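Have a look at the structure below before the remarks.
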Amino acid sequence: MRTLFAIIVFVVGNLALSVEAKQPNVIVFLVDDMGWMDSSTYGSEFYETPNMTRLAKQGMTFTQAYAHPLCSPTRAALMTGKYPARFAMHQAITGQSKAEPKLSAQPRRGETVRWPESKSHLPLEETTIAETLRGSGYDTWFLGKWHLGNQPEYWPGQQGFDKVICVGGAGPSGGYFAPNRIPALKPGPDGEYICERLTDEACRLIDNRGDAPFFMYLSHFNVHSPYEARPADVERFAAKIDKSLTHQNPVMAAMLFAMDESLGRILDKLEDAGLSDDTWVFFMSDNGGVHWSNMRGEYAKRFPVPVTSNAPLRGGKACFYEGGVRVPMIVRKPGTVPADSKCDQPVHAIDLLPTLAAIAGVDESQHEEIDGISLLPVLSDETTLNRERLFCHFPRSKTLAGTVGGSFVREGDYKLIRLWFGGDDGKHAYELYDLSTDIGEQTNLAPAMPEKVTALSQTLDDWLADTHALVPQWRAE
């Protein structure tokens, strides 16, 4: 009997250890073109995102989460843990992107600067989150917008994902309503809204999961152009228009509402399946909101207003100002992440890979060459992150903010922006802001703090050299 008892204790003890050591599931829920203020959760009085608020009350809301000004570089950063400057991707992937980017041979007509080309795909030699987690025993699923390579050889299935449902580029090809022409997505019934379809597929994957932990990357097209939403939702928000509010676009509101509904369905599915306590949920956007008028057709006539506003932040999508790079981010893991908590420390899309690797128990030595850092310590307590600086490299001839291309370094509360050759006589122009007192980047401190500008400019140069970034050149130098 004593021997039998010892055996039972041994077996039960080992079962308890295996349960305790079980790897949690991970869901990354990415929204496209959603600005920092594009939710009732972050303060909008027009938009309605009750499920984001639900997630925030159950987890941690980040007030200084960063992405890149455009989608492809952010997605590359998220997938690899590296600044995309390391592989010359600083623009959204288009037909102008190059497999082997280089500096243009001559300036364009009417310009004096040679601007670098941008990468056309995420290099296959880069180790992705999906490859990292699959190597640690995870089932890996991708759904939605990829935009890291238009050719099948660069699709998610070649980057570590076991199951791939839909591979979109910039926006949903053919529009948000079926019939559309989105690669790898089986046709649905006419009138089907893509946001709902992706959510249906995500819920099916959870229902049909196996015994292994899963990593789901649900990458929505909402709220990217073309601006299309369920008509009833548009009319609902059209009835709410109030000229005194910052946000006034009912189509944007309807698209955000559909996205939030998707989030709610995913959270409900986890609850129904008994997986809520065993699943990390990361919610994030890929860049700031579109702050100009970009509607088409009937909606352009009915609602002649900008798509959204990122106020109090300056600028928006395709800008190196805070409105273009500061994004909403919420993380939930019951029992680990304190409920209804906030983090005011700067974090970045590059931090997701090391964070998820730490969650999965992957040896840190496998990721010595990345730029991101694990957020696990700050997600479980009040630890201060060991980070001195954040960087962004955005070289282009002209931005949608009306400026020349820029790069920046953020050190502490100071953010130095270099406007490439934007000054007199072919010199760079600089803007310096103290974000602790000037979140809207309205007071340029550069003229009053030349020593700070010099020091941070050198820091930026050192980083550009370290990453082997392609940088603009004056004329034919």
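The values are calculated or read from the model by the stated rules, or taken from the named source; none is laboratory data. Everything quoted here is computed from the prediction, not taken from an experiment. When we count neighbours, we look across all protein chains shown, and the Cβ atoms used for this are built from the backbone with ideal geometry, even at glycine. Remember, those area values only see protein heavy atoms, side chains included, never the ligands or the DNA or RNA. Shrake-Rupley method; radii C 1.70, N 1.55, O 1.52, S 1.80 Å.
Summary table below
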item: Segment 79-146, relative contact order [Cα under 8 Å, separation at least 6], %; result: 32
item: Angle in degrees between helix 250-272 and the longest Cα principal axis of the chain, rounded to the nearest 10; result: 20
item: In nm, spacing of pseudo-spin labels at L385 and E369 (7 Å Cα→C-beta vector); result: 2.3
item: Rounded, prolate or oblate (a/c below 1.5 giving rounded, otherwise prolate when a/b exceeds b/c) for segment 155-209 by Cα gyration tensor; result: oblate
item: Segment 77-169: GluC sites (Glu not before Pro) in DSSP coil with no more than 13 other Cβ atoms inside 10 Å; result: E125
item: With every protein chain in place, segment 23-168: carbon and sulfur % of accessible area (1.4 Å); result: 47
item: Net charge over other residues, Cβ less than 12 angstrom from the Cβ of L70 (K, R count +1; D, E count -1); result: 0
item: Angle in degrees between helix 2-20 and the longest Cα principal axis of the chain, rounded to the nearest 10; result: 20
item: Accessible solvent surface per residue of the chain, calculated while the other protein chains remain in place, 1.4 angstrom probe, Å²; result: 41
item: Beta bridges per DSSP with both ends in the chain, % antiparallel, nearest 5; result: 55
item: Rounded if a/c under 1.5, otherwise prolate or oblate - segment 110-150, Cα gyration tensor axes; result: prolate
item: Kirkwood-based Rg to Rh ratio, the chain, C-alpha trace; result: 0.98
item: Dipole of the chain, positive direction: furthest Cα of T355, W115, C195, with charges on the beta-carbon; result: W115
item: Carbon + sulfur, % of accessible area of segment 177-263 - ligands and nucleic acids excluded, 1.4 Å; result: 50
item: By average C-beta atoms within 10 angstrom, highest first, the peptides 251-259, 220-228, 423-431; result: 251-259, 220-228, 423-431
item: Mean Cα-pair separation over length for segment 377-440, i.e. relative contact order, pairs under 8 Å, 6 or more apart, %; result: 21
item: Student exercise, segment 290-402 dipole from Lys, Arg, Asp, Glu Cβ charges, in Debye to nearest 20; result: 1060
item: Label-point separation, D340 to A105 (7 Å along Cα→Cβ), nm; result: 6.5
item: Average silhouette area of segment 119-201, convex hull of alpha-carbon atoms, in square nanometres; result: 5.5
item: Carbon plus sulfur fraction of accessible area for segment 282-397, probe 1.4 Å, in percent; result: 46
item: Entries of K57/K240; K163/K269; K243/K317; K145/K269; K98/K301 with Cα pairs more than 30 Å apart; result: K98/K301
item: About the Cα centre, charge dipole magnitude for segment 222-333 (Lys/Arg +1, Asp/Glu -1 at Cβ), debye; result: 560
